[in-house]
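**Q** This structure is in structure tokens; I'll ask about it shortly.
The values are calculated or read from the model by the stated rules, or taken from the named source; none is laboratory data. Everything numeric in this text was worked out from a predicted model, so none of it was measured. Cβ atoms come from the backbone with ideal geometry, glycine included; neighbour counts cover every protein chain shown.
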Amino acid sequence: MPHRVRRLLVPATLAAVLALSGCSGSAEPDASTPPPSATPAAEQDAVSATTSASLAEQTFDATAGDDVSGGTITTTLRALEVSGETMTLRWAVRWDNDDAPDDATTHMFDLGIENMPTLTDSVNLKQYRPLCAEGSWQDGMVDQIACKNSALVSPSEAVFFKFPNHATIEAWAVFPAPQDDDAVFEALVAEGWPAFSGVRATTAP
């Protein structure tokens, strides 16, 4: 069984320099539905067949600390695309456990993760969090919780989202556009999982 990799994404020197999103404006977009310009209609379903687009893929043991969920997790980086003032990260997650029934599921809670990705530009020492409809990542705890609960991510069912056995879950998150043309990102789709390194944003078609 593949060995699980644990990685600390953000060094202490990066923590002090953040490019964080706040409230997305007067309109309050539904976090369960991506902006039309950010995500093609074919990717709006959380559970879908695996697409051919893939920049990188990683497989590791499905564990959460000392608790073992069993099987493996495969994360696939689809794209990081800029459109106007936003950039959209797309990835996929697959849970495989041959010792469990084909109709078995595991929750994000069981895996010790939540769908709240982070992009870190290690070249310019900036960190990006998903845009949100309410609150702000930069203010107090109440505002940070409101921002987290209204973040533009999918799936958006927090820790209670179920991963079906042997099924590929398509996911996305919307961030502010990069502030620097030479930005190179590490994409962390879930805390405690391996990050994707050396990711450059491209312009959306």
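**Q** Within segment 167-188, how many residues turn out to be assigned to a loop (DSSP other than H, G, I, E, B) and either in contact (Cβ under 8 Å) with a residue 60 or more places away in the chain or surrounded by 21 or more Cβ atoms within 10 Å (Cβ to Cβ) (or both)?
**A** The number of residues fulfilling the criteria is 5.
**Q** Within segment 37-72, can you find the residues that are of a type in the set (A, V, I, L, M) and either closer than 12 Å to PHE196 by Cα or modelled with pLDDT of 95 or more (or both)?
**A** LEU55, ALA56, listed by residue number.
**Q** Then there is this: Among the listed residues SER122, SER156, SER150, which satisfies the condition of being surrounded by fewer than 21 Cβ atoms within 10 Å (Cβ to Cβ) and over 20 Å from PHE185 (Cβ atoms)?
**A** When all the criteria are applied, what remains is SER156.
**Q** Now for a different question. List the number of the failed condition for PRO164; all other conditions in (1) in a strand (DSSP E or B); (2) crowded, with 16+ Cβ neighbours inside 10 Å hold.
**A** Failed condition: (2).
**Q** Is it true that GLY198 is buried (at least 18 other Cβ atoms within 10 Å of the Cβ) and at positive phi?
**A** no
**Q** A follow-up question, please. Testing PRO34 on (1) buried (at least 16 other Cβ atoms within 10 Å of the Cβ); (2) modelled with pLDDT of 50 or more; (3) assigned to a loop (DSSP other than H, G, I, E, B); (4) not aliphatic (A, V, I, L, M), one condition comes back false. Which one is that?
**A** Result: PRO34 passes all but (2).
To keep it simple, each residue is scored yes or no on (1) in a loop (DSSP other than H, G, I, E, B); (2) basic (Lys, Arg); (3) over 25 Å from PRO176 (Cα atoms).
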| residue | (1), (2), (3) |
| --- | --- |
| ILE73 | no, no, yes |
| LEU77 | no, no, no |
| LEU80 | no, no, no |
| LEU89 | no, no, no |
| ASP99 | yes, no, yes |
| MET116 | yes, no, no |
| VAL123 | yes, no, no |
| SER136 | yes, no, no |
